[in-house]
Amino acid sequence: MRKTILKDNMRRLILILTMTALMISLFVPFVSAAEISGTCGNNLTWTLSETGILTVSGTGDMPVYSELYPAPWYVHREQIRSIVVEEGVTSIGNRAFRGLENAVSVTLPSTLKTIGNYAFVQCSKLKMVSIREGLETIREGAFENCEALIEVRLPNTLKTLGRKAFYHCSSLKTVDIPASVTSFGDLVFSYCENLITANIKASVEELPIWTFYGCELLTSVYFSDSIIRIGEDAFENCTSFYKVNYGGSQEKGSFVLPELARQSGKRVSEYVIYYDALPFVTGQTSSAYSDDQFIVTNQNTVTKNENSTISTTVTKTTEYTIHNGNIVYGDSQVNIKIDAVLENENGWNELISAVRDGEQQNVDLNEIQVDVTMKDSSEIAEDTLNQFVGKDEVNLNIDMEDGSSVKIDCGRLEYTQQEETKKPISLKYNIIQNVNPTKQHVKTIGDAQSYLLSFEGSLEMDFSPKIYLGKVHSYKTASLYQYIPGRGLSLLQSVFVDKSGYATYYLGSTKDTTQYLIALDVKGVDSSTAIVPEDIAKDQGELVYYEPIEYVVTGVRMFMGLSFFQFTVAVFCVMLVLFVGVGITMSVIYRKKKMEAYYKMLQNEEDDGFI
């Protein structure tokens, strides 16, 4: 009889454990990937976090790499959003970070002495590099083709600036070469098409050949008094260049204007020069006439401080005709572009001020494009965001240091009442490849390649996260799903991946407790309903009818940290466990009493002499 009771209790225990395992399985629908790490030299190590932050740490020099033998993290290049080189590292090897097309920021240490050849070549989304005092050498092509780079701060310890160091950095607006530079290579700023102002304080006798070749918007250059020669074709195709500040006397700088006129074919009278002058401050204007009867005027203003670097470009396009040899001006159109790198939350106040200044100049009510890079955080104070409410012409494009990127159409923003806790709004998201699809995933998306997506903050606003999936997926449909516990995946929205490799979704809300999934070219998903990005629409060769985009409300609503379905199942399981537990307890008590009665009966029979 005791064996029978034990067996019954074991069965009930197994049932309880099974139900517990079922409850746990409901709350673990996704499996995250671990960080990747390795070594890069005798005393250096590297790690790549799940959020795309590549960190190099240790002491000493980094090895030299090549296209044939790339850096160990190159195979993970599409995942890398931010580069951090920690204190102790003294050099960055040749081609160490080449082709990291998704990296938007770089943090370098004070111990760094050398940046090697082509170290950051083709880091096409890199917006700002702040180099600390201590760096002495930037070698050939170090930042070549960093097309998004809007500013670089060079330290006063820099001695060598290699050839082509900033070749084709087409977003650079201003450059400032410190007096500490004694070796200056050729082609350093060639094809920096948007460069407007340059201060060359370098302690060299000759401005090298082709220094500013193809800088079409360059208007103003400062030369230090040590420069006594201008290299061949240094200003070739600088069609807007006309103004020089020379740091020396008129006698010493007498070579400047004749040499500029010889190289450009212009008359000496077309240039303006000031002797014994100081370097330029920002805020320069350039004008250019074109063959299609338009005059384009670009006014650029750059402000820098410990909180932010903000570049505002006002482009005015004016129609004109030639009548009896005179220019007759017609209608004008003004476009405003603001690029901002924010060092801390105080930088937002300065950006808002720049936006207000831009609104005053935006007489045509055209779109004001504001591109923001947040360096120290992925959060925005709610009252800061409220200051963009009602700015219908303003479009915010926000890049964070970890690689997260979102667009906000300020015309869709609504004022939100600040809570007492004043909790900031987080725009950060995490995306990893779905290497182990669950049965529920396969049931919905089949064998389609997929990614797991999660948001760090819950948002109740219209915004557009830009998710980088890779250029190899351009023109594919990327379908966004949300996971509903107990029900599986629910399709939210489908978009085409643009030519840069981004899938941009239009969401009305997100939940930090909801798991999302992106799947590519899922069979059964109608691609004709997918949102087409502008750059792909232009390739269609025909007019595209744009319907208003519907922002999708997402996120599984939660109660006590659980979805309603999970909560219902949890309550049911708890009640079942209690029921089974009470049943076992009552069964044990009943059997115990029955056994006690049985033994008492035997004892009575023995006392009566029946046994």
> Can you list the residues, at least 5 places off or on another chain, whose amide H is less than 5 Å from the amide H of Ile131, using H built in the peptide plane?
Replying inline: Arg153
> Quick one: which of Lys252/Lys304; Lys476/Lys511; Lys316/Lys391; Lys304/Lys511; Lys443/Lys538; Lys471/Lys538 span more than 28 angstrom between C-alpha atoms?
Replying inline: Lys252/Lys304; Lys304/Lys511; Lys443/Lys538
>> Order His473, His168 by their accessible area, 1.4 angstrom probe, all chains in place, largest first.
In response: His168, His473
> At a probe size of 1.4 Å, how large is the accessible area of Lys173, to the nearest 10 Å²?
Replying inline: 20
> Ranked highest first by the average count of other Cβ atoms within 10 Å around their residues, in what order do 81-94, 523-536 fall?
Replying inline: 81-94, 523-536
> Residue by residue through the stretch 228-237, which ³J(HN,Hα) values in whole Hz follow from phi under the Karplus form 6.51 cos²θ - 1.76 cosθ + 1.60 (θ = phi - 60°), with glycine and proline marked x?
Replying inline: 10, 9, 10, x, 4, 6, 4, 10, 4, 6
> In sequence order, what are the phi-derived ³J(HN,Hα) couplings for the stretch 354-368 according to the Karplus relation 6.51 cos²θ - 1.76 cosθ + 1.60 with θ = phi - 60°, rounded to whole Hz, with x for glycine and proline?
Replying inline: 5, 5, 4, 4, x, 4, 5, 8, 7, 5, 8, 6, 7, 5, 9
> Over what distance in Å are the Cα centres of the stretch 124-155 and the stretch 213-240 separated?
Replying inline: 21
> With θ set to phi - 60° and the Karplus curve 6.51 cos²θ - 1.76 cosθ + 1.60, what are the ³J(HN,Hα) couplings of the stretch 97-110 in order, to the nearest whole Hz, using x for Gly and Pro?
Replying inline: 10, 5, x, 7, 5, 9, 6, 10, 8, 9, 10, 10, x, 6
> If one computes the Cα centroid of the stretch 453-477 and of the stretch 357-431, what distance in Å separates the two points?
Replying inline: 17
> In terms of the Cα gyration tensor, with a ≥ b ≥ c the square roots of its eigenvalues, is the stretch 137-189 rounded because a/c is under 1.5, prolate because a/b exceeds b/c, or oblate?
Replying inline: oblate
> Quick one: which of 360-370, 375-385 comes out on top by average Cβ neighbours within 10 Å, and what's the full order, highest first?
Replying inline: 375-385, 360-370
> What net charge is computed for the residues neighbouring Glu140, neighbours being all others with C-beta under 12 Å from the C-beta of Glu140, Lys and Arg scored +1, Asp and Glu -1?
Replying inline: +2
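The values are calculated or read from the model by the stated rules, or taken from the named source; none is laboratory data. These figures come from a predicted structure and were not determined experimentally. Neighbour counts are summed over all protein chains in view; Cβ atoms, including those assigned to glycine, are modelled from backbone coordinates with ideal geometry. With ligands, DNA and RNA removed, areas are computed over all heavy atoms of the protein, side chains included. Shrake-Rupley method; radii C 1.70, N 1.55, O 1.52, S 1.80 Å.
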